[in-house]
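Please read the structure below before turning to the comments.
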Amino acid sequence: MKPAAFEYHAPRTLEEALGLLHEHQDEAKVLAGGQSLVPAMNFRLARPAVLVDIAHVPGLDRIETNDPASVTVGARVRHLDLEHNTIAGPLGSLFAMTGRWVGHYPIRVRGTFGGSLAHADPAAEWCALASALDAELHCRSTSGSRTVGARDFFEQMAFTTCLEPDELLVGVRLPRLSDSCGVGMAEFARRWGDFAIVLAVTAVERDGDSIARARIALGGVAGGPVRASNAEAALAGRPATAGTVAEAAAAAAEEVDPTGDIHGSADYRRDLVRAMVTRALDQALA
Amino acid sequence: MRWTGRSLRRFEDPALVRGLGRFVADVADQHRGTLHAAFVRSPVPAGEIRSIEAPPGAPVLTAESFPGIRTMCARLDRPDFVALETPVLASDAVRHPGEPVALVVAGSRAEAEDLAEQVVVDIEATRPVLDATAATDPDAPTVHAGLDMPMGNNVVLDARFATEGLEAAFEEADEIVALDIRAHRQNALPIEARGALAAHDRGTGRTTLTAANQMPHMLRTALADILDIGEAELRVVTPEVGGAFGQKMCVPREYVALVAAARLLGATIAWIEDRSENLLASWHSRDHSYLLRGAFNRSGMLLGLDADIVCNIGAYSNYPVTFGVEPLMAMAELPGPYRLSQYRVRSRAVTTNMCPIAPYRGVSRPVLTLAMERLMDTAARRLDLDPVEIRRANLVSEFPYSMPTGLPVDPGSYVETLDAAVEALDLEGFRRRQQQAAAEGRYLGVGFSVFGERTGYGTPAFAARAMEITPGYETVQLEMNPSGDVTARIGASPHGQGLATALSQLLADELGVEPRQVAVVHGDTDTTPYGWGTFASRSMVIAGGAAKLAAERLAAQLREIAAHHLEASPDDIRLEDGSAVVAGTSVGVTLPEIARIAHHSSHLLPAPMEPGLSVSATYDPGGTFSNACHAAVVEVDPDTGHVRLERFVVIADAGLEVNPMIVEGQIHGGVTQGIANALYEELVTDDDGNLLTASLMDFLPPTVCEVPLIEVTHVQTITDASITGAKGVGEGGAIGAPAAVLNAISDALSPLGIEVDEMPATPSRVRELIRRAQSTTTGGPT
Ligand SMILES: Cc1cc2nc3c(=O)[nH]c(=O)nc-3n(C[C@H](O)[C@H](O)[C@H](O)COP(=O)(O)OP(=O)(O)OC[C@H]3O[C@@H](n4cnc5c(N)ncnc54)[C@H](O)[C@@H]3O)c2cc1C
């Protein structure tokens, strides 16, 4: 359980970092918090020849809150900062309630928001959150920059995104949620701190006693995070009752197509989808 | 004031909590020029080795490199046993995933791993057999082709026992309860994986193996036998050992290869096992299935018990206790503390293309206790009896009792601990709460588990298994130094249990010194007497007993010198508070003064006493049963199948507790492993034999977040089966907990008619049972 030999770079500027990625292309990997990459290297499942550590690249660790309509989270913001940060309103609540499910405390001290999205574990909490809120991901390379919506960023294969080998994820823009928006997050894992078997992230806009719009993203049921569109549709314009929630949860369980693994069969995951969607919606509507 | 019975803080801990404990890897780091080994392992469960190719000139060692080396083979001398030989490195066939094929040596572990990747082993994979029942099919592949298997394909032990009147008992029964109990595969998972450092001294020709191990003397003998060298050429040292639980009891092929390599290369070589290797190919545990039938009368009396036990022992035998330990212990001890006269059992060991099995804390008893306790609860439900009542009706309460297999059970507190658990739980109050919760759609349950654990057994018990290598006794050498301090050299090999503290307490009482004045020396074949090590809940009973006997001898000698010096009778001398005094007077002499005389003025000793103060004693008892009642309270989430442990209560009887805090620590750790067994840990392989739980991401020991406070109450039944009064307590926690948890889940889900007989009861398994129950009761999926 020792990594294969690699070259290590710690660039001091964004340009330098992008230059190194450009130079080494497929051979290089970005090192952020190292909480996914380093274990993979120790198992020799990943064997990058070159590591580009972004720890010293300025600016990547900021959370921009000046825009009234959105918040931009720098790629190197640590999990723990999002769990404990002061982003106001329901968006901040959603970050806090979701963040506490990411691994264990020491992992949250080092692991980064951008690293989690770039790594794209199918059961990652942040990926589901980004998907639920239709986050916009800013990517940079020596040849320029582009902004990709969460729907296009995550591929339907596990651990796969649209990032090119020489591209760096620099920040993520998320819409602020209105004050009337309720948020919810429910997860089932075998032990505290384990990756989810199934998780659900929800944001529900109320219109009096009924639901104006609901966003539901699921983790652990496909190669990447997925939106439960039928469940969302089952909620839009409907009264905020237990019956509506039950219908939406059943629709979510119906529309997913999970595969089984050692922690549970496809049927089991469907059962969990129903339970987690119910719980996350109950929270959002409470 | 006595030291025995006090919860003295452990002398071992300050070094450990400050990071000053030295484990094998630390010792390896401190040696200059240590080389590091990595093993090239079989990627497949079964196949023929065609060739092994290494980069030219690379230090790659294979079976061919060690022509004189023997196979490892431990035997039971019984007709229903087939001996299995284990090569140190596989040369013609591979029989389980991860089997070591070659060893590479480099300057660092990382480089050794680089090199290991470059070794190409060409294996022609053959069809494996992974499941024990499937392996007995005549058409299944034979794991050890060419070996005579008179008892059936891959059957390497087929032991049977039956009393005369079993059939009659079943005919007479009002209710026959049949169960299919399954305990899946586990890994004992010591926090420090295995590891060893072999240092060959070219000057003296001796090799020192520093190893994470529980049986240093046995390991040395085994190394000498297998390598065909004299024991004088070998020294085995066990430094701090980070947990063992049986996984470090048996002789690993890797350690043998390491010693052979160090001698061949004249080098110092470390092999520090990593977690992947440990999960894949150290030693596995459990993997038992029981088909059980119990005959009961209407009032719940157990009239007869019929069992068919199958143990999947993997590809090879362990050494020295053999694979027989699992099925034979299961067979001998299954009836447990329940009065039973009619018993029939068949117990088999079956070899498969899985990693070999070694004993793991509790060995067969967590599973046999699960079987009996599930039987009691299921019978109670069928007969509409209370689970506590059916146990009270059947538990032994008169001693000595003899199990149907002839095993004697010394006095214990089976009924008393059950009653105490009922009280500690406030069972009536719980039942009310359970009903209220049920009205809200919540599923709460309580489960009991009563068991006896045979502990501290010496040579006679092991001899009953007909072992060629029969463990059992322990020896303690005691020396009082000129300053009056005491050195105790022991053959037992503690590795985290706190035995040094407990022995110091016991010796302090016998000798009139302070525990701090006792240095316990262990884990070094050069400096300790031959002994069997630390396993099987034996050390306090057997090494403690030997320490007591030795201390009595030393005390007699001290009294004799004091009497001579004080012109009194030895019978009137008392040893207390560091002095030898004439009883009822203030006349005395300090122990340091006596010690000085014995060592430095030996001409003043009474004739014909020899100089010095050193004695030795050996203890080899027949065994004593400790006992306990465990009770778990759980809540089951019907939507996810998740089981939350709300309370865990243990009423434990370990006889005389030399240090109650240490006893409690043993119970806490054991119960945690029992909870792991019941709910979390399972080694899963796919149909091709690939291990799917190959890291701690998927093999899941519970953490402090999953394990509730463990509430321990102590009961002490003193019997003369142990000369110190102490009974063994090392394994009990792990033995009782699984049954309590599975009984609690079954109690919680009893409104749905669910009985849980498979462990671990993972959320997906529990949810599956609920889904099936709901679809049969409501006629459709929920
Ligand atoms: C025991 C354990 C439990 C865990 N449990 C959870 C859990 O429950 N939920 C969860 O979501 N995660 C969990 N994790 C993973 C953890 O959250 C990681 O921190 C996260 O997945 C990756 O973030 P990182 O900053 O550590 O990235 P790294 O490990 O440094 O990198 C991960 C990958 O992303 C790439 N990368 C990183 N940053 C960028 C960037 N800015 N641009 C382009 N590519 C980039 C890297 O090249 C690499 O391929 C766990 C980890 C451990 C060790």
Dividing the helical contributions, -39500 (n - 2.57) per DSSP H run of n ≥ 4, by the residues of chain B yields a 222 nm value, nearest 500 deg cm²/dmol, of -9000 deg cm²/dmol
Relative contact order of region B:473-619 (C-alpha contacts under 8 Å, at least 6 apart) in percent is 32 percent
Filtered hits (lysines, Cα-Cα < 19 Å from A:LYS2, offset >= 8 within chain) -> A:LYS29
The long-range amide H neighbours of A:VAL71, using H built 1.01 Å from N in the peptide plane and a cut-off of under 5 Å, are A:LEU174, A:ARG176
Sorted by chain and number, the residues with a modelled amide H under 5 Å from that of B:THR685, at a separation of 5 or more or across chains, are B:LEU692
Between B:ARG206 and B:ASP26, Cβ-based FRET efficiency (R0 25 Å, step 0.05) works out to 0.70
For the pair B:ILE723 and A:ASP26, the simple spin-label estimate (label points 7 Å beyond Cα toward Cβ) gives in nm 7.4 nm
Relative contact order of region A:181-285 (C-alpha contacts under 8 Å, at least 6 apart) in percent is 32 percent
In this structure, the FRET efficiency calculated for B:ASP92 and A:ASP67 from their beta-carbon separation, with R0 = 51 Å, to the nearest 0.05, is 0.15
With a ≥ b ≥ c from the Cα gyration tensor eigenvalues, square-rooted, and the rule rounded for a/c under 1.5, otherwise prolate when a/b > b/c and oblate otherwise, chain B is oblate
Counting only backbone N atoms under 13 Å from a point 7 Å out along Cα-to-Cβ of A:TRP192, the residues of region B:682-721 in range are B:702-709
Classified through the alpha carbon gyration tensor (a ≥ b ≥ c as square roots of its eigenvalues; rounded if a/c is under 1.5, else prolate when a/b is larger than b/c, else oblate), region A:110-154 comes out oblate
Under the rule rounded for a/c under 1.5, else prolate if a/b exceeds b/c, else oblate, using alpha carbon gyration tensor axes a ≥ b ≥ c, the protein assembly as shown is classed as prolate
With 0.36 nm assigned to each residue of separation and the Cα-Cα distance removed, B:ALA463 to B:SER602 gains 45.7 nm
A correct Karplus calculation of ³J(HN,Hα) over region B:420-425, with 6.51 cos²θ - 1.76 cosθ + 1.60, θ = phi - 60°, whole Hz and x for Gly and Pro, returns 5, 5, 4, 6, 4, 7
Along the dipole axis of region B:491-599 (charges at Cβ: +1 for Lys and Arg, -1 for Asp and Glu; origin at the Cα centre), the most positive-end residue among B:HIS564, B:THR534, B:VAL581 is B:THR534
Applying the span-like rule to chain A (DSSP H, Cα extent along axis at least 18 Å, Kyte-Doolittle mean at least 0.0) gives A:242-255
Given unit charges at Cβ for Lys, Arg (+) and Asp, Glu (-), the dipole magnitude of chain A about its Cα centre in debye, nearest 20, is 620 debye
Under the 7 Å Cα-to-Cβ spin-label approximation, A:THR160 and A:THR147 lie apart by a distance in nanometres of 2.7 nm
Expressed as a whole-number percentage, the relative contact order of chain B with C-alpha contacts under 8 angstrom and at least six residues apart is 15 percent
Computed about the Cα centre, the charge dipole of region A:7-52 from +1 Lys/Arg and -1 Asp/Glu charges at the Cβ has a magnitude in debye, to the nearest 20, of 280 debye
Here the net charge surrounding A:ARG215, from other residues whose Cβ is less than 9 Å away from its Cβ (Lys, Arg +1; Asp, Glu -1), is -1
Taking r as the C-beta separation of B:ASP228 and A:ALA236 and R0 as 56 Å, the FRET efficiency to the nearest 0.05 is 0.10
Under the 7 Å Cα-to-Cβ spin-label approximation, B:THR126 and B:ALA168 lie apart by a distance in nanometres of 5.0 nm
Low-density loop GluC sites (Glu not before Pro), region B:452-543, at most 16 other Cβ within 10 Å, DSSP non-H/G/I/E/B, are B:GLU468
Output for region A:181-285 (equivalent-ellipsoid semi-axes, sqrt of 5λ from the C-alpha gyration tensor, Å, descending) is 24, 13, 10
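A short reminder: the numbers here are calculations on the coordinates, not readings from a lab. Model, not experiment: these values are computed from the prediction. Note: ideal-geometry Cβ built from the backbone for every residue, glycine included; neighbour counts use all protein chains shown.
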